[in-house]
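First the structure, in the form of structure tokens, and then the observations on it.
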Amino acid sequence: MAETSEITILVPGRLHPHAARRIEENFRLQWLDTADPALLSNEIASAVRGLAGMTRIDAAFIDALPNLEIIANFGVGYDAVDAAHAGRKGVMVTNTPDVLTDEVADTAIGLLLNTVRELPRAEAWLREGRWEREGAYRFSRGSLRGRSVGIFGMGRIGQAIARRLAGFGLPIAYYNRRPVEGVPYTYHGDLLSLATAVDTLISVAPGGAATEKAVNAQVLQALGPEGVFVNIGRGSTVDEEALIKALADGTIFAAGLDVFAHEPHVPEALIALENASLLPHVGSASVATRQAMADLVVDNLLSWFTTRKPITPVAETEHVRG
Ligand code: 8YV
């Protein structure tokens, strides 16, 4: 196996401690406060051959590292990395698919149930002693029964969510850039058509220019007054202001959100809404799954520097050869 201990791996910002530990064991680990070219000395800039991170990596930062070969992104979503630019420059980008699929799908189902059945509010009722003092918690206005579900983004996680919901006995349709082969659910060629056909929309779509504010006022209007919107993908895919308005004026019934436009900031207007169930981006955040993601980040670096073959390259850089 090729020797890797002399190879410098840059880590801008924070990184999962298990990933940092393993990078330290196998490479030369170089921390940087943030991914800002101004913080790089000439010496560090030319030494760096790999990068591991969970932060924004833009074209300018990639250009500032002349010997960069690979960016190992912590997370399946890599919208924060300019992968198209990396691909054009012959820099490999990897992400962490598969190892988090079931965890995120489980979270999506939990969030959907929390949203329609008000489970967090019911628990708060008990914890505040109100069950004993005031009696039973009110009947939830919503239910999962009788719903029909649309999934925006039928990738690995979308399919795992669909499989779970099929087990709940609910009809499923989806919108994706292209129909997905072997997927038995009804395909819609655009998001508006999907939102018109269903009353429960789950977004698993990736971030980036192509999906920016795709869930807009018109889509929410089409979902209708019984409509439930769940977002487990990226906050950027939703027009957050339009969503707040739709929740406040009854255009849709409720929303369950794990992701937001400007994390970790969540608008006060959203927090104030009783028909929004909110989570702090915990889709994949169990100890075991985050450890598996950390391992995949480092395994991609090791595989690249020993065999020149990454384990999980992203589509934009699949052509890049070591
Ligand atoms: C993580 C995620 O929160 O994988 C993703 O795309 O959004 C999450 O699993 C994120 O990657 C941590 O930076």
Inset, instruction - Please work out if Pro179 is assigned to a loop (DSSP other than H, G, I, E, B) and either hydroxyl-bearing (Ser, Thr, Tyr) or over 17 Å from Asp79 (Cβ atoms) (or both). - result: yes
Inset, instruction - Evaluate the range 170-191: report whether one residue or more is among the charged types (D, E, K, R) and touching a residue at least 40 places away in the same chain (Cβ under 8 Å). - result: no
Legend entry - Residue match in the range 6-26 (condition: among the hydrophobic types (A, V, I, L, M, F, W, C), assigned to a loop (DSSP other than H, G, I, E, B), open to solvent by less than 50 Å² (accessible area, probe 1.4 Å) and farther than 13 Å from Val297 by Cβ): yes
Inset, instruction - Restrict the check to the range 269-283 and report whether at least one residue is open to solvent by 30 Å² or more (accessible area, probe 1.4 Å) and of a type in the set (Ser, Thr, Tyr). - result: no
Inset, instruction - Answer yes if at least one residue in the range 232-246 is closer than 23 Å to Glu274 by Cα, buried (at least 22 other Cβ atoms within 10 Å of the Cβ) and over 20 Å from the mean Cα position of the chain (by Cα), and no otherwise. - result: yes
Inset, instruction - Return yes when Leu126 is away from the ligand (no atom under 16 Å from the Cβ), in contact with a strand residue (DSSP E or B) (Cβ under 9 Å, 6 or more places away or on another chain) and not basic (Lys, Arg) and no when it is not. - result: no
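The values are calculated or read from the model by the stated rules, or taken from the named source; none is laboratory data. All of these numbers come straight from a predicted model, not from anything done at the bench. So basically every Cβ, Gly included, is an ideal-geometry build from the backbone, and we count neighbours across all protein chains shown. Areas reflect the complete protein model, heavy atoms only, side chains present, ligands, DNA and RNA absent. Shrake-Rupley method; radii C 1.70, N 1.55, O 1.52, S 1.80 Å.
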